[in-house]
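Worksheet: one structure, shown below.
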């Protein structure tokens with residue numbers, strides 16, 4: 001949290017507007033303490049301005065602090081679980097291979113994660129950025145729209161959900177994990193929320209292991225059904241926490257771009273997470289986002305609008 005700064009205006013609202021404009025932040029990024037609401041006086045005589053004290057909830061992030069921001073949304077394995085997590089990571093492959101017959105490559109268990117942010121010369125056009133954002137949105141939307149809406153069947157969806165749950169149970173049992181699986185069904189997706197101790201091994205670095213497990217779960221659950229019902233996996237609300245952190249990061253990085261008027265390159269992200277950044281900043285009049293890179297190196301660049 002930064003040092004408080006005093007602002008004045010004819011009203012508290014005017015003083016707040018001045019503060020937000022000068023600090024280049026959104027209302028949710030500051031704390032406002034009203035020192036005096038001011039007074040109009042009589043015929044303008046004796047009028048007093050409103051006084052407020054504004055404190056940034058988050059200061060400008062350094063590159064190392066950006067690493068910490070991304071890490072906050074990842075499951076951090078408690079120190080006492082490190083040995084246990086390492087052993088379970090080895091069991092992860094065995095469990096998946098036994099349940100699917102597909103060879104799975106191991107990843108290191110997540111203790112901390114990082115996001116590298118670097119500055120680049122500005123060389124992209126705004127239209128290219130907008131087109132890339134639309135392409136990313138389409139890719140992410142495709143994940144949640146595997147079947148036509150007309151093909152929806154509540155009974156078939158319930159059967160698909162049961163197959164997905166059984167598949168997950170077999171995998172986690174093979175890993176020696178004690179997991180409770182909560183099931184929620186909507187017309188858009190099947191959400192399976194996993195609860196339990198030491199489940200960071202199911203998430204992996206930046207959720208890559210969770211995404212892989214989700215992909216395999218969809219294959220296993222939909223193989224015998226006539227329609228395709230998207231199954232989303234989550235572990236202890238990881239995805240919700242990740243989304244909140246990415247939205248917050250997007251706003252702060254956009255403010256940094258506005259101050260420097262230079263582009264910022266974010267770490268590689270999957271299509272779903274890039275879409276979160278795109279949507280968070282799509283209505284910002286001063287910046288635009290563009291996806292660059294290929295495959296695992298696909299990342300976002302936040303550009304300043306000239």
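The values are calculated or read from the model by the stated rules, or taken from the named source; none is laboratory data. As the structure is a computational prediction, the values presented were derived from the model and not from experiment. Methodologically, a virtual Cβ is constructed for each residue, glycine included, from the backbone with ideal geometry; neighbour enumeration extends over all protein chains shown.
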Item to check | Residue under evaluation residue 70, criteria (1) in contact with a strand residue (DSSP E or B) (Cβ under 9 Å, 6 or more places away or on another chain); (2) closer than 23 Å to residue 264 by Cβ; (3) modelled with pLDDT of 60 or more, criterion not met | outcome: (3)
Next on the checklist: Please determine whether any residue of segment 283-305 is in contact with a strand residue (DSSP E or B) (Cβ under 8 Å, 6 or more places away or on another chain), surrounded by 15 or more Cβ atoms within 10 Å (Cβ to Cβ) and part of a helix (DSSP H, G or I).
Outcome noted: no
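Of all the residues that make up segment 255-278, how many are out of contact with any strand residue (DSSP E or B) (no Cβ under 7 Å at 6 or more places or on another chain) and surrounded by fewer than 16 Cβ atoms within 10 Å (Cβ to Cβ)? Full working, then the answer.
Step one: filter segment 255-278 for residues out of contact with any strand residue (DSSP E or B) (no Cβ under 7 Å at 6 or more places or on another chain), giving 255, 259-260, 270-273, 275-276.
Checking which are surrounded by fewer than 16 Cβ atoms within 10 Å (Cβ to Cβ) leaves us with 259-260.
Residues that pass the stated criteria total 2.
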Checklist entry - Given the conditions (1) at pLDDT 90 or above; (2) buried (at least 16 other Cβ atoms within 10 Å of the Cβ); (3) closer than 16 Å to residue 219 by Cβ, and given that residue 143 satisfies all but one, which numbered condition is not satisfied? => result (1)
Checklist outcome for this item: Residue count, segment 263-283, condition farther than 18 Å from residue 244 by Cβ, touching a helix residue (DSSP H, G or I) at 6+ places or on another chain (Cβ under 8 Å) and free of Cβ contacts under 8 Å to residues at least 40 places away in the same chain, comes to 1
